[in-house]
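The values are calculated or read from the model by the stated rules, or taken from the named source; none is laboratory data. What you are looking at is a predicted structure, and each value in this text was computed from that prediction instead of being measured. Note that we place each Cβ from the backbone using ideal geometry, even for glycine, and neighbour counts take in every protein chain shown. For the accessible areas, the whole protein counts, side chains as well, though only heavy atoms, and no ligand, DNA or RNA atoms are used. Shrake-Rupley method; radii C 1.70, N 1.55, O 1.52, S 1.80 Å.
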Amino acid sequence: MACTTLLVGKKASYDGSTIVTRSEDAPTDIFDAKHFAVVQPEDQPKRYKAVISGCEFDLPENPMRYTHLPNNDLKDGIWGAAGINAANVAMTATETITSNARVQGIDPILVNHKDGKKEGGLGEEDFVTVVLPYIHSAREGVERLGQLLEEHGTYEMNGMAFQDVEEIWWLETIGGHHWMARRVPDDAYVVMPNQLGIDYFDFEDAYGEQKEFMCSADLKELTERYHLDLSMDPEAGFNPRLAYGSKADSDHLYNTPRAWMMLRHFNPRTYLWDGPEADFRPEDDDLPWAMVPECKITMEEIKWALSSHYQGTPYDCYGKYGESNQRGRYRPIGISRQNVTAYTQIRPYLPEAIRSLQWLSFGSNVFNAIVPFYTNVKTTPEYVAHPAKSVTTDSFYWINRIIAALCDAHYQKTDKYVGRYQEAVQAKGQALLAKYDAKFLAGQYSAAETEKLLEQANEEMADFLRKVTNQYLDKVLYATSCEMKNGYARSDN
């Protein structure tokens, strides 16, 4: 699954929150409709069986309530994507990442290469369902998933984030049964564009105190036995990206430019990014995994980064200036086949009952807006929870797909409506959060009353969203209808 992930540590974010974001981008020629739902403990299965691989095992007792973003059509499994549980712990699963032939030869992923059939193991279909309801911290998430990977294996390369109010951990799979994880520095952000990304790892800490690093039990032994460490400078430390990752020609068109664009946006003056004297270029293999931003990062800035199509560069697929053979050269971050983008925010300055938010945008990020929802609820609004398998404007997913298709074909004519819509939705979201945060803090609410209050907030957000999105569609439809090629200036009146 093609995706883009952006992680923001608590000291790098605008309000001290930890923030995890990931766009779930479908493979070429595939669009998976999604919805926003809550799973209650009584609805969580006691025994799990994967649809794709057939992997089957018992789940722990006492699961917690959690949100997720399942497929509307469950024929290929749940694909929960991202969510937050009752303990205010979040995860996103998964960023498909890369590997190399050396790793695949040593610890193959669980796929029969003759027919492509999955030979057991867990994958993106499964991870949220079998991990999120059972963890009480980001660190516990790494530990549980690591145990499952070692026991059951995987048939794909994946990167996953775990988040609580204090920290974010990033885990990457290595081959079929191995993994490593690194804690995101509190004052930094991390960019992940479908590649194995961790560029420094400390085995001493991973096998000792595990303050910043964790890994599968025999990863160091495996690395040494099969001569995977390619570092020339021992003083620089171990670089997993060289050992376990890739730097193929396809990476340079599909993956690394996305990292370059995000780093360039958040650190425009730290390095020279453009021209013949650039410190880093779009196709460089040594782009930093984590950087301290030049200023604190807001939700709106994250949304812009995950919507990018290389604005301000020669590579903008909607560009009008510069060399035409450069436009669209690289895979955009905001791409047509985005199913959903989840932004999980855990706010340290508020009580646990209202601490967690799951911001959402459906469809192509270039043309949608981010919308905040409280997660300590029993139900989600029908507008975002509708599991419609076919086109309907009653579904927030489907209406975003319609709008994006219209706007993309007439970008210059509709861009003004896109910007106004995004500004209106994001401003309303901030206003409603301020309103309901204050309302909660001013009163005394039981657990049941809190759920009702937050569900009311979510419904108010959805009601506004339905109204303004319909208006957005109306404007875009009119503008694009006027651009139809079979139009003619003369009429019969």
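Summary of computed values
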item: Among the candidates E382, E301, residue that is out of contact with any strand residue (DSSP E or B) (no Cβ under 9 Å at 6 or more places or on another chain), closer than 18 Å to T5 by Cβ and surrounded by fewer than 24 Cβ atoms within 10 Å (Cβ to Cβ); result: E301
item: Matching residues in region 29-58 - criterion: being within 22 Å of L145 (Cβ to Cβ), open to solvent by 10 Å² or more (accessible area, probe 1.4 Å) and in a loop (DSSP other than H, G, I, E, B); result: Q44, P45, K46, V51, I52, S53, G54, C55
item: Test: G334 is at negative phi and open to solvent by less than 70 Å² (accessible area, probe 1.4 Å); result: yes
item: Segments classed as strands (runs of 3 or more DSSP E), wholly inside region 106-202, with at least 2 members that are β-branched (V, I, T); result: 168-174, 189-192
item: Residues being within 24 Å of the chain's Cα centre (by Cα) and either open to solvent by 70 Å² or more (accessible area, probe 1.4 Å) or among the charged types (D, E, K, R) (or both) - total across region 263-280; result: 1
item: Subset of region 419-478 that is in contact with a Leu (Cβ under 7 Å, 6 or more places away or on another chain) and among the aliphatic types (A, V, I, L, M) - its residue that is farthest from S307 (Cα to Cα); result: A457
item: Output for region 467-493, where each listed residue is of a type outside the set (K, R), over 17 Å from T414 (Cα atoms) and either open to solvent by 100 Å² or more (accessible area, probe 1.4 Å) or touching a Ser or Thr at 6+ places or on another chain (Cβ under 6 Å) (or both); result: N486, Y488, A489, D492, N493
item: Filter result for Y421 (touching a residue at least 12 places away in the same chain (Cβ under 8 Å), hydroxyl-bearing (S, T, Y), surrounded by 13 or more Cβ atoms within 10 Å (Cβ to Cβ) and more than 18 Å from R401 (Cα to Cα)); result: no
item: Scope region 434-481; condition outside any helix (DSSP H, G or I) and free of Cβ contacts under 8 Å to residues at least 60 places away in the same chain; matching residues; result: G443, Q444, S446
item: Candidates E150, E140, E124 - the one that is open to solvent by 10 Å² or more (accessible area, probe 1.4 Å), acidic (D, E) and closer than 27 Å to L242 by Cα; result: E150
item: Residues satisfying the stated conditions in region 304-330, i.e. open to solvent by 50 Å² or more (accessible area, probe 1.4 Å) and in contact (Cβ under 8 Å) with a residue 40 or more places away in the chain; result: K320, R329
item: Which listed residue is open to solvent by 70 Å² or more (accessible area, probe 1.4 Å), part of a helix (DSSP H, G or I) and in contact (Cβ under 8 Å) with a residue 60 or more places away in the chain, from L253, L222; result: L253
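Matching residues to (1) closer than 24 Å to N71 by Cα; (2) among the aromatic types (F, W, Y); (3) part of a helix (DSSP H, G or I); (4) in contact (Cβ under 8 Å) with a residue 12 or more places away in the chain:
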residue	(1), (2), (3), (4)
P332	yes, no, no, yes
I335	yes, no, no, yes
T341	yes, no, no, yes
Y349	no, yes, no, yes
L360	yes, no, no, yes
N376	yes, no, no, yes
T380	yes, no, no, yes
Y383	yes, yes, yes, yes
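Each row is one residue, and each column tells you yes or no for (1) surrounded by fewer than 24 Cβ atoms within 10 Å (Cβ to Cβ); (2) over 26 Å from K10 (Cα atoms); (3) charged (D, E, K, R); (4) at pLDDT 95 or above.
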{"site": "V340", "(1), (2), (3), (4)": "no, no, no, yes"}
{"site": "R355", "(1), (2), (3), (4)": "yes, no, yes, yes"}
{"site": "V371", "(1), (2), (3), (4)": "no, no, no, yes"}
{"site": "F396", "(1), (2), (3), (4)": "no, yes, no, yes"}
{"site": "R401", "(1), (2), (3), (4)": "yes, yes, yes, yes"}
